[in-house]
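Peer 1: Please find one structure pasted underneath; my questions will follow.
Any read-out appearing in this document is the output of simple, stated calculations on the displayed coordinates, not a laboratory observation. This structure is a prediction, so every number in the text was calculated from the model and none was measured. As a convention, Cβ positions derive from the backbone with ideal geometry for all residues, glycine included, and neighbour counts pool all protein chains shown.
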Amino acid sequence: MLSSSPLSRVRQRAKAGHKESDIDFVGADGSAFRVVLRQSIHNVMDFSAILAHSPKSSTQVLRLRRYNGKSHEHTNKIERQTFYDFHIHMATERYQLSGLREDAYAEVTSRYADLRGAFACMLEDCGFNPISSSDSQQWLF
């Protein structure tokens, strides 16, 4: 379970073609995490809510979960499965051992239809302490 942290630490910035917000968290065991929310300024269906982990012994950032919008086709290369829908990427050992990105595997979902919903699913799935809906609104753009 991740400890709560003031949302006033959210960093928002404009990048090429999208807005992005992120905040760092520390897990109950001292592990470092980052949540990133990305939204295209051109396509409302092009978004990601990402949970990443930064191991203490490395400068590498590992994406554990990525909740994507319905803006592109995705293919699970090992399974040879292609789809165009809202989907959740998850880090798997199988994909890492195959030399692919840690979160290259994804599953279709109907649990959300926008960035706000994707963020709520991530909070629920990944063991965050509940925050009030008014606080979660501050995360969004």
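Peer 1: State all residues of the stretch 87-103 that are touching a strand residue (DSSP E or B) at 6+ places or on another chain (Cβ under 7 Å) and either among the charged types (D, E, K, R) or in a loop (DSSP other than H, G, I, E, B) (or both); if no residue qualifies, say none.
Peer 2: Ala91, Thr92, Glu102, Asp103, listed by residue number.
Peer 1: For Ile88, work out the one condition from (1) surrounded by fewer than 18 Cβ atoms within 10 Å (Cβ to Cβ); (2) in contact with a Ser or Thr (Cβ under 9 Å, 6 or more places away or on another chain); (3) within 26 Å of Asp24 (Cβ to Cβ) it doesn't fulfil.
Peer 2: Every condition holds for Ile88 apart from (1).
Peer 1: Output the residues belonging to the stretch 69-92 that are among the hydroxyl-bearing types (Ser, Thr, Tyr), without any contact (Cβ under 8 Å) to a residue 24 or more places away in the chain and under 17 Å from Ile50 (Cα atoms).
Peer 2: Thr92
Peer 1: Moving on to the next point. So which of Ala32, Ala49 is surrounded by 14 or more Cβ atoms within 10 Å (Cβ to Cβ) and out of contact with any helix residue (DSSP H, G or I) (no Cβ under 6 Å at 6 or more places or on another chain)?
Peer 2: One residue alone meets the criteria, Ala32.
Peer 1: Residues of the stretch 47-72 being under 16 Å from Ile88 (Cβ atoms) and touching a Ser or Thr at 6+ places or on another chain (Cβ under 6 Å), which ones?
Peer 2: Arg66, Asn68
Peer 1: Now for a separate question. Looking only at the stretch 52-76, count how many residues are surrounded by 14 or more Cβ atoms within 10 Å (Cβ to Cβ) and not aliphatic (A, V, I, L, M). Talk me through it step by step, then tell me what you get.
Peer 2: Going residue by residue through the stretch 52-76, those that are surrounded by 14 or more Cβ atoms within 10 Å (Cβ to Cβ) are 52-54, 61-71, 74, 76.
This time we only want the ones that are not aliphatic (A, V, I, L, M), so: 53-54, 63, 65-71, 74, 76.
Total satisfying the criteria: 12.
Peer 1: Search the stretch 93-119 for residues that are without any contact (Cβ under 8 Å) to a residue 60 or more places away in the chain and over 25 Å from Gln60 (Cα atoms) and pair each with any residue that is among the acidic types (Asp, Glu) and not in a helix (DSSP H, G or I) when their beta-carbon atoms are under 7 Å apart and the residues are at least 6 apart or on different chains.
Peer 2: Within 7 Å, the pairs are Val108/Asp85.
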